[in-house]
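Just below is one structure, and these are the notes that go with it.
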Amino acid sequence: MSASGILTLLLLTAISVPFIQGNAKQESMDRGKEIYNQLCIVCHQADGKGIEGAFPPLAASDYLMKTPDKAIHAVKYGLQGEITVNGKKYNSVMTNQNLSDEEVADVMTYVMNSWGNSHEMITVERVRKVAE
């Protein structure tokens, strides 16, 4: 391959890789939004602000952004016990939702990129690494 052909290939790769990754993230978020609307919306609300004193906010949540693996664990296995979110204590029970690792990755990608949150895509591999 000529030098110009290699340069063209490198430029096309540099342009297309972020697009493909961005598209995968958006697809994950779309699937995650469906899961959120089926399972999470009742407690955490449509705007992600939760119910004060009962269910913590996901919107602009320091807990999600500072400890994503703990949040993944909560979605994957449930959560019991006190946590602090945005300076307020919550001590409710979140039951295990019996989601597959892919579903956990999708819903986590959605919540971590909605309502003022900004994070990379949560991968199935990352979810699998979060052990009980």
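The values are calculated or read from the model by the stated rules, or taken from the named source; none is laboratory data. Keep in mind the model is a prediction, meaning the values are calculated, not measured. Ideal geometry is used to build each Cβ from the backbone, glycine not excepted, and the neighbour counts take in all protein chains shown.
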Scan region 42-52 residue by residue and report those that are surrounded by 13 or more Cβ atoms within 10 Å (Cβ to Cβ) and either assigned to a helix (DSSP H, G or I) or of a type in the set (Val, Ile, Thr) (or both). Cys43, His44, Ile51
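Go through region 54-119 and tell me which helices (runs of 4 or more DSSP H), entirely inside it, have 1 or more residues that are more than 16 Å from Arg31 (Cβ to Cβ) and at pLDDT 95 or above. So that I can check it myself, show each step before the final result.
Working: elements: 62-66, 68-77, 101-111.
Counting at least 1 such residues, we get 62-66, 68-77.
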List the residue pairs whose Cβ atoms are under 7 Å apart, where the first residue sits in region 80-97 and is over 17 Å from Pro68 (Cα atoms), the second is loosely packed, with under 13 Cβ neighbours inside 10 Å and of a type in the set (Gly, Ala, Ser), and the two are 6 or more positions apart or on different chains. Asn91/Gly81; Ser92/Ala54
